[in-house]
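The block underneath contains the structure these notes are about, expressed in structure tokens.
The values are calculated or read from the model by the stated rules, or taken from the named source; none is laboratory data. Everything quoted here is computed from the prediction, not taken from an experiment. Positions of Cβ are generated from backbone atoms using ideal geometry, with glycine treated the same way; all protein chains shown enter the neighbour counts.
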Amino acid sequence: MGPPNSDLVASTADNDTAVVPNEINGFKRLDIPSDGYSAGRSLFPGRVMAGYNAELDEYDADSWASHIVEKCRSFGGATTAVSYSAINSGHTGGRFWFGYAFSGGDTTVADFEKDDAVHGLRVYTSS
């Protein structure tokens, strides 16, 4: 992990040694493991403003997160951008990128639940 006040943080995933941006266009990264967690009931579905998906080979975890933060910023009242990869249950198989813009107040680690199917989780919040 970088020095205090660093603009970057090390990813917490065992297999992901990339340095992850600590802030994207005014949205600060929530310190949560990048694998094994997803948005819980306090966020999903009640606070969803918009949802997005993409083929896995079109992005990596950080470029997808940046894309979702930009989408989130386009909505008035959106406070949290969540992005990750998972298997699409409505598709014939394979892993895809998913991203959501959420409204509402502060988002914390307590808003997430264990989900072993999720990889590459990035959470950025404006609050």
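Using beta carbons and a limit of 7 Å, which pairs, at least six apart or on different chains, have the first residue in segment 26-50 and closer than 15 Å to T125 by Cβ and the second one of a type in the set (G, A, S) and buried (at least 18 other Cβ atoms within 10 Å of the Cβ)?
Cβ pairs passing all conditions: F27/A81; M49/A78; M49/A101.
Which residue pairs have Cβ atoms under 8 Å apart, sit 6 or more places apart or on different chains, and have a first residue in segment 88-112 that is exposed (fewer than 13 other Cβ atoms within 10 Å of the Cβ) and a second that is among the hydrophobic types (A, V, I, L, M, F, W, C) and part of a strand (DSSP E or B)?
G93/I87; G94/I87
For G76, which of the numbered conditions (1) of a type in the set (G, A, S); (2) over 13 Å from the mean Cα position of the chain (by Cα); (3) part of a strand (DSSP E or B) fails to hold?
Among (1) of a type in the set (G, A, S); (2) over 13 Å from the mean Cα position of the chain (by Cα); (3) part of a strand (DSSP E or B), G76 violates only (3).
Quick check on my filter: what residues within segment 67-78 are at pLDDT 95 or above and surrounded by 20 or more Cβ atoms within 10 Å (Cβ to Cβ)?
Within segment 67-78, I68, V69 meet the criteria.
If M49 meets every condition in (1) under 15 Å from the mean Cα position of the chain (by Cα); (2) loosely packed, with under 15 Cβ neighbours inside 10 Å apart from one, which number is that one?
(2)
Kindly indicate whether any position in segment 17-25 is modelled with pLDDT of 95 or more, touching a Ser or Thr at 6+ places or on another chain (Cβ under 7 Å) and either within 13 Å of G120 (Cβ to Cβ) or not aromatic (F, W, Y) (or both).
No, segment 17-25 contains no residue that is modelled with pLDDT of 95 or more, touching a Ser or Thr at 6+ places or on another chain (Cβ under 7 Å) and either within 13 Å of G120 (Cβ to Cβ) or not aromatic (F, W, Y) (or both).
If we scan segment 46-62, do we find a residue that is assigned to a helix (DSSP H, G or I), closer than 20 Å to E113 by Cβ and either touching a strand residue (DSSP E or B) at 6+ places or on another chain (Cβ under 6 Å) or modelled with pLDDT under 95 (or both)?
Keep residues of segment 46-62 that are assigned to a helix (DSSP H, G or I), which gives 56-58, 61-62.
This time we only want the ones that are closer than 20 Å to E113 by Cβ, so: 61.
Adding the requirement that they be either touching a strand residue (DSSP E or B) at 6+ places or on another chain (Cβ under 6 Å) or modelled with pLDDT under 95 (or both) leaves 61.
For segment 46-62, residues assigned to a helix (DSSP H, G or I), closer than 20 Å to E113 by Cβ and either touching a strand residue (DSSP E or B) at 6+ places or on another chain (Cβ under 6 Å) or modelled with pLDDT under 95 (or both): present.
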